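Q: Supplied in structure tokens, the structure appears directly below.
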Protein chains: 2
Amino acid sequence: MKIGIIGSGALGLYYGAMLQKSGQDLHFLMRRDFDAVQRKGLQVDSVNGNFHLPKVACYRNSKDIGPVDLVIVGLKTFSNQHLKDLVRPLLGTRTAILTLQNGLGNEELLAAAFGRERILGGVAFLCTNRGEPGTVQHLGEGRIHLGEFSGGLSARSRMLAEIFQAAGVPCEAVSDLRRARWEKLVWNIPFNGLSALMKKDVTDLLDHLPSKELIRMLMLEVISGANAQVLEQPIDAKKFSDQLIAFTENMDHYRPSMMIDRLEGRPLELDAIYRIPIEQARTAGTDMARVEMLYSLLSAGEEN
Amino acid sequence: MKIGIIGSGALGLYYGAMLQKSGQDLHFLMRRDFDAVQRKGLQVDSVNGNFHLPKVACYRNSKDIGPVDLVIVGLKTFSNQHLKDLVRPLLGTRTAILTLQNGLGNEELLAAAFGRERILGGVAFLCTNRGEPGTVQHLGEGRIHLGEFSGGLSARSRMLAEIFQAAGVPCEAVSDLRRARWEKLVWNIPFNGLSALMKKDVTDLLDHLPSKELIRMLMLEVISGANAQVLEQPIDAKKFSDQLIAFTENMDHYRPSMMIDRLEGRPLELDAIYRIPIEQARTAGTDMARVEMLYSLLSAGEEN
């Protein structure tokens, strides 16, 4: 299967490398890592075993990739204003587009440009950091939940899940993509935001009792925002928040992507992870007061 | 009148200097500024005109001051564990104690140690910064509302107000000290906390629309916490928050004391300004969700 990766950050590089290693035909749109990967290939340092891909098809311009069977989008959402133009040259008549980006609004953007029947979304639970150019560090996890933007469990989404599984990536096709997206927000909203605001990793946050309580309260707000949407099955607030906190307590001083973005002076993914979820919750009649406050504080920090 | 100042920070130095200039007999317990003031007196750089006191009675130990008619407490509340021992040597049989400290809990502490009949509290609206040792900078304002801890409008509180007025300090005796304390918290809770957390002065905070909205929401929460107490007269939420915001818009890039404490690595006055008010509001049946969140975030920062 010919697959194009739009957005070769840590996520795009990691999943692309896993897929290429399993025999798929990968093509990466690359910026920061282009020279290094051209010269010496792509190195993946993974908790599951390191590997090296000596030859990687990488491009500076998506026009040079041409039509593919599947586009995987890993672009940071703060660059979404470029997304349509980056994806368009990869589309043939039957090309599917799978966005693994954070937060809400990405499928809608792609659907408006290219038709909703092309669009799938996936939620990635992945701990990666970029290393030096040409290297990606996989610190743990990697599971993907993917589904059709239009809902329902399609043959296509089952097939994509199998392709990821065959590449060693735990992957599940889900019928309710929106629920999966909100589930991910229950983690992203507290941990990404607080880590960026306080410049503390997840372990330091959880070790401070008032911060841990705040994380739980933020989670409960997001779950109430989620359950105010029309989901196939509501999220069990107590059980799911307990699970996520326990899960995160096993991450050893992990620095969420938004913390790294802030530390390195990049913009934050505030629209996808805060603004749009807050709007959707409010439209459904739920105020997420603490989430809104966190969004205000994060946006104030963007002014520096 | 023999007056002892316990806690010669910017506030203690400024009011003490004004009182001494008006002819009162002042005695300052001093730490940081002791050497400089011994050597060259005390310099006040004020928006109302600079002045210099060549001779100032300053002490390293409050035992050397001995009994006074009035103790004025300007100690930072994070040093309250020392307060009783610092004040005790200044007490004669009729000595009154006026605490001008921030937040809640200070009168209670003094009353438990020395009897409630001695205790008055005052709320100072004062923009000062410490300059180099021996200098205090008065940037604006200075008004005091003072009253009896036990409530009611006493002859003593009226007399103290007149003494301040005679020294050029706008001062009003109020019958409901608790209301005055909460009014001050309506300013302190948003501006002290957000400036310390975001390291932004009041002008920068108000210039960022989401922060300004957050300030207003924090104010409304504090006012609902205040009005849940038994006050002689409830605070008008809309009018008072509008007033305070307009008042603060006239401060040119003022840095609240808590922001300076954080920047200079000192502890923050979190008990007096956040913990105790949150507890009192909760006891009265009001949750201040955003205030609690701000308190959590500030306390997390104390761990650095």
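Q: What are the residues in the range A:210-232 that are out of contact with any Asp or Glu (no Cβ under 7 Å at 6 or more places or on another chain), more than 9 Å from chain B (Cβ to nearest Cβ) and open to solvent by 10 Å² or more (accessible area, probe 1.4 Å), if any?
A: Answer for the range A:210-232, where residues must be out of contact with any Asp or Glu (no Cβ under 7 Å at 6 or more places or on another chain), more than 9 Å from chain B (Cβ to nearest Cβ) and open to solvent by 10 Å² or more (accessible area, probe 1.4 Å): A:Lys212, A:Arg216, A:Leu220, A:Glu221, A:Ser224, A:Asn227, A:Ala228, A:Gln229, A:Val230.
Q: Give A:Gly140, A:Gly134 a once-over and let me know the one that is crowded, with 19+ Cβ neighbours inside 10 Å and either among the aromatic types (Phe, Trp, Tyr) or in contact (Cβ under 8 Å) with a residue 12 or more places away in the chain (or both). Walk me through it before giving the result.
A: Values: A:Gly140 fails: crowded, with 19+ Cβ neighbours inside 10 Å.
None of the others qualify; the one that does is A:Gly134.
Q: So which residues in the range A:122-140 are of a type in the set (Gly, Ala, Ser) and touching a Lys or Arg at 6+ places or on another chain (Cβ under 7 Å)?
A: Quick first cut of the range A:122-140, residues of a type in the set (Gly, Ala, Ser) only: A:122, A:124, A:131, A:134, A:140.
Scanning the range A:122-140 gives a single hit, A:Gly134.
Q: What about A:Met288, is it farther than 24 Å from A:Cys127 by Cα, hydrophobic (A, V, I, L, M, F, W, C), at pLDDT 95 or above and crowded, with 21+ Cβ neighbours inside 10 Å? Even if it seems obvious, please write down each step before you answer.
A: Numbers: farther than 24 Å from A:Cys127 by Cα: yes; hydrophobic (A, V, I, L, M, F, W, C): yes; at pLDDT 95 or above: yes; crowded, with 21+ Cβ neighbours inside 10 Å: yes.
So A:Met288 passes the test.
Q: If you scan the range B:278-304, which residues turn out to be without any contact (Cβ under 8 Å) to a residue 40 or more places away in the chain and not aliphatic (A, V, I, L, M)?
A: B:Glu279, B:Arg282, B:Thr283, B:Asp287, B:Glu292, B:Ser296, B:Ser299, B:Glu302, B:Glu303, B:Asn304
Q: Identify, by number, the condition in (1) surrounded by 15 or more Cβ atoms within 10 Å (Cβ to Cβ); (2) away from every other protein chain (no Cβ under 14 Å); (3) within 20 Å of the chain's Cα centre (by Cα) that B:His253 doesn't meet.
A: Among (1) surrounded by 15 or more Cβ atoms within 10 Å (Cβ to Cβ); (2) away from every other protein chain (no Cβ under 14 Å); (3) within 20 Å of the chain's Cα centre (by Cα), B:His253 violates only (1).
Q: For B:Gly4, are the conditions met, namely being assigned to a strand (DSSP E or B), at negative phi and open to solvent by less than 10 Å² (accessible area, probe 1.4 Å)? Spell out the reasoning first.
A: Numbers: assigned to a strand (DSSP E or B): yes; at negative phi: yes; open to solvent by less than 10 Å² (accessible area, probe 1.4 Å): yes.
Taking the combined requirement at face value, the residue satisfies it.
Q: Note down all Cβ pairs under 6 Å where the first residue falls in the range A:155-169 and is farther than 15 Å from A:Phe125 by Cβ, the second is modelled with pLDDT of 95 or more and of a type in the set (Ser, Thr, Tyr), and they're at least six residues apart or on different chains.
A: A:Ala166/A:Ser22; A:Ala167/A:Ser22
Q: Further, regarding this structure: Can you tell me which residues in the range A:26-67 are polar (S, T, N, Q) and open to solvent by less than 90 Å² (accessible area, probe 1.4 Å)?
A: A:Gln43, A:Ser46, A:Asn61, A:Ser62
Q: Residue check: is B:Asp207 at the interface with chain A (Cβ under 10 Å from one of its Cβ atoms) and surrounded by fewer than 18 Cβ atoms within 10 Å (Cβ to Cβ)? Explain how you work it out, then say what you get.
A: Values: at the interface with chain A (Cβ under 10 Å from one of its Cβ atoms): yes; surrounded by fewer than 18 Cβ atoms within 10 Å (Cβ to Cβ): yes.
So B:Asp207 fits the description; yes.
This table checks each residue for (1) in a strand (DSSP E or B); (2) among the aromatic types (Phe, Trp, Tyr); (3) at pLDDT 95 or above.
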| site | (1), (2), (3) |
| --- | --- |
| B:Arg32 | no, no, no |
| B:Asp35 | no, no, yes |
| B:Gln43 | yes, no, yes |
| B:Gly49 | no, no, yes |
| B:Lys55 | no, no, yes |
| B:Leu70 | yes, no, yes |
| B:Gln81 | no, no, yes |
| B:Leu86 | no, no, yes |
| B:Pro89 | no, no, yes |
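Q: Does the range A:171-185 contain any residue that is among the aromatic types (Phe, Trp, Tyr), more than 14 Å from chain B (Cβ to nearest Cβ) and open to solvent by 30 Å² or more (accessible area, probe 1.4 Å)?
A: First pass over the range A:171-185, keeping only residues among the aromatic types (Phe, Trp, Tyr): A:182.
Of the ones still in play, those that are also more than 14 Å from chain B (Cβ to nearest Cβ) are A:182.
Add one more test, that the residue is open to solvent by 30 Å² or more (accessible area, probe 1.4 Å), and what stays is none.
Within the range A:171-185, not a single residue is among the aromatic types (Phe, Trp, Tyr), more than 14 Å from chain B (Cβ to nearest Cβ) and open to solvent by 30 Å² or more (accessible area, probe 1.4 Å).
Q: Going through the range A:265-304 one residue at a time, which ones are within 10 Å of another protein chain (Cβ to nearest Cβ) and among the aromatic types (Phe, Trp, Tyr)?
A: A:Tyr295
The values are calculated or read from the model by the stated rules, or taken from the named source; none is laboratory data. Worth saying up front: this structure is predicted, and the values here are computed from it rather than measured. Every residue, glycine among them, receives a Cβ derived from its backbone with ideal geometry; neighbour counts consider all protein chains shown. For accessibility, only protein heavy atoms count, side chains too; no ligands or nucleic acids. Shrake-Rupley method; radii C 1.70, N 1.55, O 1.52, S 1.80 Å.
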